[in-house]
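A short write-up of the structure that comes next.
The values are calculated or read from the model by the stated rules, or taken from the named source; none is laboratory data. The structure displayed is predicted, hence computed values, not measured ones. Note that each Cβ is placed from the backbone with ideal geometry, even for glycine, and that neighbours are counted across all protein chains shown. Heads up: the accessible areas ignore ligands, DNA and RNA and are worked out on the full protein's heavy atoms, side chains in. Shrake-Rupley method; radii C 1.70, N 1.55, O 1.52, S 1.80 Å.
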Amino acid sequence: MAGNSQRRNRRTSNKKGMQVGSGGQRRRGLEGKGPTPPASARKGHKKNRVANAQAKQAAARRPAPRRGGVKGTSEMVVGRNPVYEALRDGVPATTLYVQQYIDNDERVRDALQLAGERGNINLMEAPRPELDRMTNGLNHQGLVLQVPPYEYAHPEDLTAAAYDNGEDPLIVALDGVTDPRNLGAIVRSVSAFGGHGVVVPERRAAGMTAGAWKSSAGTAARTPVSRVTNLTRALEGYQKAGITVVGLAADGEHTVEDLEALGGPVVIVIGSEGKGLGRLVGETCDYRVRISMPGGAESLNAGVAAGIVLYEVARRRA
């Protein structure tokens, strides 16, 4: 009996303490881990490195996602001839207001016919006092056309559109151009020479009014215009994206025909006919170029100047 007791004590003394349970670790270790991920998602795999490199290249090519831009304000076109011309030239419109008991002359009939052919313009009859109130007493002659707010693009939308088409960005920025007809003419030239859009500042500059739409001859429908709070910062943003900023100036150090940078991604900055480029905008430009004018003219209309430079860019890219 004594011997048996000693053997039990020895077995008991050999224990190393409480046995800790597995806590389910062994059971979880036997469970499956799901399907094997594709090679492009496995870290260290050759296909994963290739996929990461392609993603980095895409990010570098398109510096930022599209975010959309601001909206303009609604506008009224008043008078029989202006209303007819706006409808004829494709200016966007939501409602045509017609005065009650108006004299149904040829211009009125033509305007009503054009509005009807569009199919998306509401026709509203209103008494003369109501039209007087809407137009703040302007001579509306019984016809008032409601033009919706223009939807401006974000400045990065213009570069994104170029890269989506596999093209170098070609953008025109305007500094101090206040005539909507000049803006419309420039939009038309940008469209004609394969540009990707126009940038205008919010203050002291023309916006996309009905007059600008008319001057664009319909091209404003397919050529975006971006409106920015600070033009200098917008230009610096383009520079960070690898785009050359070229300012047009009468005393520029280079001529349009000699500047090789016009063959690559470029923003062309055009100032007002009288004052030219503002100081900060001019200092931001990578190059300042001039148009050779053997005839001795001091300056050119902004729309004409834009057309000349855009033609030179298109010639180099052809």
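Of the residues making up the range 80-125, not one is within 12 Å of G142 (Cβ to Cβ), among the acidic types (D, E) and assigned to a helix (DSSP H, G or I).
Restricting attention to the range 279-313, the residues that are open to solvent by less than 30 Å² (accessible area, probe 1.4 Å) and either modelled with pLDDT under 90 or small (G, A, S) (or both) add up to 6.
Okay, residues lined up against (1) of a type outside the set (F, W, Y); (2) open to solvent by 10 Å² or more (accessible area, probe 1.4 Å); (3) modelled with pLDDT under 95:
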position: A162; (1), (2), (3): yes, no, yes
position: I171; (1), (2), (3): yes, no, no
position: R181; (1), (2), (3): yes, yes, yes
position: V190; (1), (2), (3): yes, no, no
position: R203; (1), (2), (3): yes, yes, yes
position: A212; (1), (2), (3): yes, no, yes
position: S215; (1), (2), (3): yes, yes, yes
position: G218; (1), (2), (3): yes, yes, yes
position: A221; (1), (2), (3): yes, yes, yes
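Counting only helices (runs of 4 or more DSSP H) wholly contained in the range 172-291, the ones carrying 1 or more residues that are in contact with an Asp or Glu (Cβ under 7 Å, 6 or more places away or on another chain) occupy 210-215, 231-240, 279-284. Before we move on, is V225 more than 15 Å from the chain's Cα centre (by Cα), open to solvent by less than 30 Å² (accessible area, probe 1.4 Å) and among the aliphatic types (A, V, I, L, M)? Here the answer is no, as V225 does not meet what is asked.
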